[in-house]
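Heads up: the structure comes next, in structure tokens.
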Amino acid sequence: MDLKETIYKRQSIRKYDKTPLDEETLNEIRQFIDNARVLNPDIEWSYDLVGVKNFRLLQRINAPHALLLFSQPKQNCFQNIGFIFQQVDLYLQSRGIGSCWIGAGRPRNYENPHPDHEFVILMVLGNPQGEIYRERTQFHRKIVCDISDERDSKLNPARFAPSAANTQPWYFTHNDDGTYNVYRNKRKFRLNKRMNLWNQVDIGIALAHMYVANPDTFKFTLEKSHEELKNKIFEGSFEI
Ligand SMILES: Cc1cc2nc3c(=O)[nH]c(=O)nc-3n(C[C@H](O)[C@H](O)[C@H](O)COP(=O)(O)O)c2cc1C
């Protein structure tokens with residue numbers, strides 16, 4: 001299955017076969033990551049693919065591996081991490097390997113080799129226990145009118161994107177020149193700092209789906225004159 005088809009089949013996997021993936025597969029994953037597209041080339045980032053000894057989760061998920069994701073803390077760094085590693089989520093799932101973004105987790109007994117890169121989030125992975133795919137009708141997602149100023153099926157890839165606690169914090173508007181603006185819904189409870197961070201990762205994830213669905217034409221810019229929308233934060237503009 002290609003990455004574009006995987007958008008409409010993937011799901012977060014929380015039950016795993018504990019057997020680690022073989023070294024060849026792990027190397028292929030590393031190779032995919034090294035060739036993934038970035039959202040912001042001005043931000044340095046790094047990752048490590050580790051086994052169970054090097055990550056800790058606040059919930060019981062028996063995944064044999066995790067990708068620990070780090071970034072320089074600047075500009076749209078969380079969106080950039082979401083953008084890069086959602087391509088990885090789709091790649092893994094397209095190969096039948098289960099994955100799940102995990103906000104409630106940390107590195108453990110792990111020394112970060114890039115001291116100027118901060119830990120952002122992790123993604124667990126491994127062979128799934130049970131069915132990996134689901135049908136399009138089994139997705140719980142907002143309707144397109146709730147995430148856009150116009151009914152536009154071109155936004156479907158973003159609509160199906162995963163997000164922290166399925167909050168789907170994205171909103172799209174259409175510009176006269178055919179480009180789109182993307183906004184993030186402000187949280188009602190500002191105290192929820194972690195969700196604020198994860199929702200920025202979510203924006204990158206939705207943009208990754210727009211890129212994967214339109215790989216030859218997708219272009220993103222952070223700076224563009226735009227309308228301010230109530231209770232929304234401007235996140236950038238893109239063409240497809
Ligand atoms: C940034 C982010 C953080 C997440 N954190 C967790 C988590 O800590 N625990 C968990 O079980 N799922 C977590 N998820 C998975 C979401 O709950 C899941 O993507 C969402 O409910 C939609 O379901 P789906 O991925 O199966 O489409 C996270 C997802 C994202 C994008």
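The values are calculated or read from the model by the stated rules, or taken from the named source; none is laboratory data. Note that the structure is a prediction, hence the values are computed from the model and not measured. Cβ sites come from the backbone with ideal geometry, for glycine too, and all protein chains shown count toward neighbours. Remember, those area values only see protein heavy atoms, side chains included, never the ligands or the DNA or RNA. Shrake-Rupley method; radii C 1.70, N 1.55, O 1.52, S 1.80 Å.
Just one of N196, N112 is within 12 Å of the ligand (Cβ to nearest atom) and not hydrophobic (A, V, I, L, M, F, W, C); which is it? Give the steps one after another, and end with the answer.
Values: N112 fails: within 12 Å of the ligand (Cβ to nearest atom).
Step by step, each of N196, N112 is checked, and only N196 is within 12 Å of the ligand (Cβ to nearest atom) and not hydrophobic (A, V, I, L, M, F, W, C).
Please find, within segment 135-148, the residue that is farthest from the ligand (Cβ to nearest atom) out of those that are open to solvent by 70 Å² or more (accessible area, probe 1.4 Å) and part of a loop (DSSP other than H, G, I, E, B).
Going through the qualifying residues, I end up with I143.
Kindly evaluate E111 against the criterion of being open to solvent by 30 Å² or more (accessible area, probe 1.4 Å) and in the same structural domain as E23 (by TED's automatic domain parsing).
yes
Which residues, taken from segment 89-101, are aliphatic (A, V, I, L, M) and buried (at least 23 other Cβ atoms within 10 Å of the Cβ)?
L90, L92
Conditions tested, residue by residue: (1) in a strand (DSSP E or B); (2) under 14 Å from R10 (Cα atoms).
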{"position": "G96", "(1), (2)": "no, yes"}
{"position": "S99", "(1), (2)": "yes, yes"}
{"position": "R106", "(1), (2)": "yes, no"}
{"position": "N112", "(1), (2)": "no, no"}
{"position": "P115", "(1), (2)": "no, no"}
{"position": "L122", "(1), (2)": "yes, no"}
{"position": "Y133", "(1), (2)": "no, yes"}
